[in-house]
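Okay, structure first, notes after.
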Amino acid sequence: MNHNNYYFLKHLTAKLHSILQGALFVEGFSTSKQELWLLFKTTDGSYFPIKFNTINTDSVLSFPIDAPLPKNKQPQFRLFESKVVVEVKVHDFERSFHIQFSGGLYLYIKLFGKNGNVISLNQNTVVDVFRKQLKADTQLDFAQITAPQTIAVSDLLQAAATTAEVAKKLPFIPADAIEELNSTGYFEADTAQKKQMAERVLNTLATSQFYISKTNNGYALTFYNKGEVLGDYTDAITAQNDFARLYLGKYFFEEKKNNLVNTLKQRKEKLEKEIHSKKTKLNTIATQTPYNHIGDILMAHLYQLQKGLEKTTLLNFYTNQNIDIKLKKELTPQENAENYYRKAKNQVKEIEVLQDNLQKAETELVEISEKLETALQAADGKSLRGMEKDKQATENIDKPTLFKEFEKSGYTILVGKNSVNNDLLTQKHAAKNDVWLHARGLAGSHVVIKTKPGQTVPVDVLEYAASLAAYFSKGRTDSLCPVIYTEKKYVRKPKGAAAGQVVVEKENTLLVKPAFQ
C-alpha cells in the first residue's frame, strides 16, 4: 500500500487523538523548506513531536522521541502556541487529517504525495501554509474537505471486474489490498464468494496489524504479510516511525549518491577535455617550426630583409623547404629575430607548464574514475563515508572564480580577466592598503596583492605579482617588462573613463620577466 492511505491514517489518527487530546501546542518550526516540526506537551507533562517531511515525490510523517534544537530554526504557526488540542480526526476516504484546537483553530495535514502540506485555519479561513509555493492551498474549502462522506465500499468492490477498475473507482483502497484480492482469485469468483472476500479484506484493513517489507524499489508499509518482511506491528505510530526511518534513509542516501556521482562525472568530463586540450596544444607546438629556428633563419638572411615588412618567405635550412614568416613592421630584421628568440624561451617554459599540468590532470583523472566507480556501486551510506569531502573539494575545483587567483608566501594575488573585470577588482574588491600593479604603458590586467594588517608585502611576493602583471599584458613576450605598483588608495578612475582605465599617483616601477608560475 501507499503509506499515506485512508485506512492506515484511520489507525494513525486514532492513536494520535489518544495521545494529543488536551495537549498544548508548544511551538512549530522549520529547519528547511522540506521539514516542519510541530511540538506538543501532553497532559502527562511529556513532549510529543510530529515531523512533516516533503521530498521530490512524497510526504512523510514521523514522530521522533526528541525534537531538535537547531540554531537557525524558523518559527511556524505562532498563532497556535499554548492552544489546547480538542481532536485529531481523519477525513473520510482521504489522505489527510486535521488537528482541532480550542478557539476554532485547525491544522490541516495534507499527505498528497509531492503536494503534501500543512495549513492553518481559523474556522474555514486559511491563515497560513507551510509550503507557500502551493498557491491553491490558500484557497481551499475546509468545510467541504471535512464534510462526512458515505461510500458503499463493499458494494463497489463487488461490482468491480478488474484491479484497474478497483483502483479507479476506489482510489483509497491500499495497493496491497487490491493485490490480495487479485492473488486470491477475487475477479474470477462468483457473487457470493466476492462478497465474502471483499468483507475479509475490509476487516483486515480495520485491524491494527501492519508490516514493513523490503521491495525492489525500497520499502513498503502494508496490511498484508508479503515479501521480505522486516517487522510486524500493532501500533501505527511505531510502524510509521520505523517506515519513515527506512524510507527517508533510502531517499536521502540515493540523493547524496546521485549528487556525488553527478559531481564526479562532471569533474571527470572536465578533466578529459582538459587533457585533450593540453595534448592538442603540445602536439601543435611539436609540429610547428620552433621559434628559435625561425630566429636562426632570419639571422641567416638579414641581408635580404629590411624594416617595414609584415611577412617574408625564406628557405628553412633545417628542412630545406621554404617557410612563411610573420614580421613586425616596426622592428628591424635583427629585432624580429630577437623577438622570435624571446618567444622560444617563453615557449620552453610553456611546454614545461603544459606537461606538468597534463601529468597532474591525468593522475587526478585516474583518482576521480576510481571514486566514481566506488560511488556507482555504493549500496548504503557507509560506502559513501569520506567521499563527501572529495565532493566538496571537486566542487571547489570546478567553481568558477570571479578573478584569476594566485598565492605566494601566504599572500593572495588577484588578477583581472578583462577591462570590465579590472574595474570590478580595483573599484570593488581591493582595499585601500592593498598593493595595485599594472604593466607600464601596456594594455593588460589589473593585479592586486591582498595585504595583511601591520605587515609589509615581502619582496618575493611583490616581484611575483609584478611578473603576473607583465605576463597578463601586451608585454607577455618581452624578455623584461616594466610594471608600476602603488597602494590602491592612489589609484582612481576619472569620471567618464572607459572600462579598465585609471589614473595612478605615487607609483613605483619594477623591471621583471613576464611569468605566471
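The values are calculated or read from the model by the stated rules, or taken from the named source; none is laboratory data. Keep in mind the model is a prediction, meaning the values are calculated, not measured. Because the Cβ atoms are built from the backbone with ideal geometry, glycine has one as well, and the counts that use them run over all protein chains shown. Remember, those area values only see protein heavy atoms, side chains included, never the ligands or the DNA or RNA. Shrake-Rupley method; radii C 1.70, N 1.55, O 1.52, S 1.80 Å.
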Exercise. Within the range 413-427, identify whether any single residue is of a type in the set (D, E, K, R), modelled with pLDDT under 95, farther than 24 Å from Tyr490 by Cβ and out of contact with any helix residue (DSSP H, G or I) (no Cβ under 7 Å at 6 or more places or on another chain), and answer yes or no.
Key: no
Exercise. Would you be able to tell me the number of residues in the range 503-517 that are assigned to a loop (DSSP other than H, G, I, E, B) and open to solvent by 40 Å² or more (accessible area, probe 1.4 Å)?
Key: 6
Quiz prompt | Members of the range 271-287 found to be under 23 Å from the mean Cα position of the chain (by Cα) and either surrounded by fewer than 17 Cβ atoms within 10 Å (Cβ to Cβ) or without any contact (Cβ under 8 Å) to a residue 12 or more places away in the chain (or both), listed by number | solution = Glu272, Lys273
Practice problem: Please tell me if Gly28 is more than 24 Å from Thr234 (Cβ to Cβ), outside any strand (DSSP E or B), of a type outside the set (Val, Ile, Thr) and modelled with pLDDT of 95 or more. | Solution: no
Quiz item: Are any of the residues in the range 204-211 part of a helix (DSSP H, G or I), touching a helix residue (DSSP H, G or I) at 6+ places or on another chain (Cβ under 9 Å) and surrounded by fewer than 19 Cβ atoms within 10 Å (Cβ to Cβ)?
Solution: yes
Self-check item: Residue among Asn283, Asn258, Asn262, Asn322 that is in a helix (DSSP H, G or I) and either among the acidic types (Asp, Glu) or farther than 30 Å from Glu373 by Cα (or both)
Solution: Asn283
Exercise. Given the conditions (1) within 29 Å of the chain's Cα centre (by Cα); (2) open to solvent by less than 20 Å² (accessible area, probe 1.4 Å); (3) farther than 21 Å from Phe243 by Cβ, report the number of the one that Leu69 does not fulfil.
Key: (2)
Practice problem: Just one of (1) assigned to a loop (DSSP other than H, G, I, E, B); (2) touching a strand residue (DSSP E or B) at 6+ places or on another chain (Cβ under 8 Å) trips up Ala465, so point out which. | Solution: (1)
Exercise. Say whether the condition of being over 26 Å from Cys481 (Cα atoms) and under 36 Å from the mean Cα position of the chain (by Cα) is met by at least one residue in the range 296-305.
Key: no
Quiz item: If we scan the range 335-357, do we find a residue that is under 24 Å from Pro514 (Cα atoms) and hydroxyl-bearing (Ser, Thr, Tyr)?
Solution: yes
Self-check item: Pair list, Cβ under 8 Å, 6 or more apart: the range 223-243 residue more than 9 Å from Gln209 (Cα to Cα), other residue basic (Lys, Arg) and open to solvent by 10 Å² or more (accessible area, probe 1.4 Å)
Solution: Gly227/Lys214; Glu228/Lys214; Leu230/Lys214; Ile237/Lys15
Self-check item: Condition broken by Thr477, with the remaining ones in (1) closer than 22 Å to Leu424 by Cα; (2) among the hydroxyl-bearing types (Ser, Thr, Tyr); (3) outside any strand (DSSP E or B) satisfied
Solution: (1)
Self-check item: Top-ranked residue of the range 279-335 - restricted to ones that are in contact with a helix residue (DSSP H, G or I) (Cβ under 7 Å, 6 or more places away or on another chain) and among the hydroxyl-bearing types (Ser, Thr, Tyr), ranked as nearest to Ala361 (Cα to Cα)
Solution: Tyr291
Quiz prompt | Residue count, the range 246-270 (criterion: hydrophobic (A, V, I, L, M, F, W, C) and either at positive phi or open to solvent by 80 Å² or more (accessible area, probe 1.4 Å) (or both)) | solution = 1
Exercise. State which residue is surrounded by the most Cβ atoms within 10 Å (Cβ to Cβ) when the search covers only the range 74-95 and only residues that are more than 15 Å from Asp128 (Cβ to Cβ) and of a type in the set (D, E, K, R).
Key: Arg95
Quiz item: Between a first residue in the range 324-341 that is over 11 Å from Glu310 (Cα atoms) and a second residue that is crowded, with 19+ Cβ neighbours inside 10 Å, which pairs have beta carbons less than 7 Å apart while being 6 or more apart in sequence or on different chains?
Solution: Ala337/Gly295; Ala337/Leu298; Tyr340/Tyr291; Tyr340/Ile294; Tyr340/Gly295; Tyr340/Leu298; Tyr341/Gly295
Exercise. Go through (1) open to solvent by 40 Å² or more (accessible area, probe 1.4 Å); (2) out of contact with any Phe, Trp or Tyr (no Cβ under 6 Å at 6 or more places or on another chain) one by one and return the number of the condition Gly218 breaks.
Key: (1)
Quiz prompt | Criterion (open to solvent by less than 80 Å² (accessible area, probe 1.4 Å), modelled with pLDDT under 90 and either closer than 26 Å to Lys506 by Cα or under 27 Å from the mean Cα position of the chain (by Cα) (or both)) met by exactly one of Asp434, Asp356, Asp380 | solution = Asp380
Self-check item: Positions within the range 1-21 being open to solvent by 10 Å² or more (accessible area, probe 1.4 Å), at pLDDT 95 or above and more than 24 Å from Val129 (Cα to Cα), in sequence order
Solution: Tyr7, His11, Ala14, Lys15, Ser18, Ile19
Practice problem: Just give me the residues in the range 144-173 being more than 22 Å from Thr191 (Cα to Cα) and in contact with a helix residue (DSSP H, G or I) (Cβ under 7 Å, 6 or more places away or on another chain), in sequence order. | Solution: Phe172
Practice problem: Among residues belonging to the range 31-58 that are among the hydroxyl-bearing types (Ser, Thr, Tyr) and in a strand (DSSP E or B), point out the one that is least open to solvent (accessible area, probe 1.4 Å). | Solution: Thr54
Quiz item: Which one is farthest from Glu335 (Cα to Cα), of the residues in the range 463-489 that are free of Cβ contacts under 8 Å to residues at least 40 places away in the same chain and surrounded by fewer than 18 Cβ atoms within 10 Å (Cβ to Cβ)?
Solution: Lys474
Practice problem: Give the range 168-177 a look and list any residue that's surrounded by fewer than 21 Cβ atoms within 10 Å (Cβ to Cβ) and not in a loop (DSSP other than H, G, I, E, B), or say none. | Solution: Lys168, Lys169, Ala175
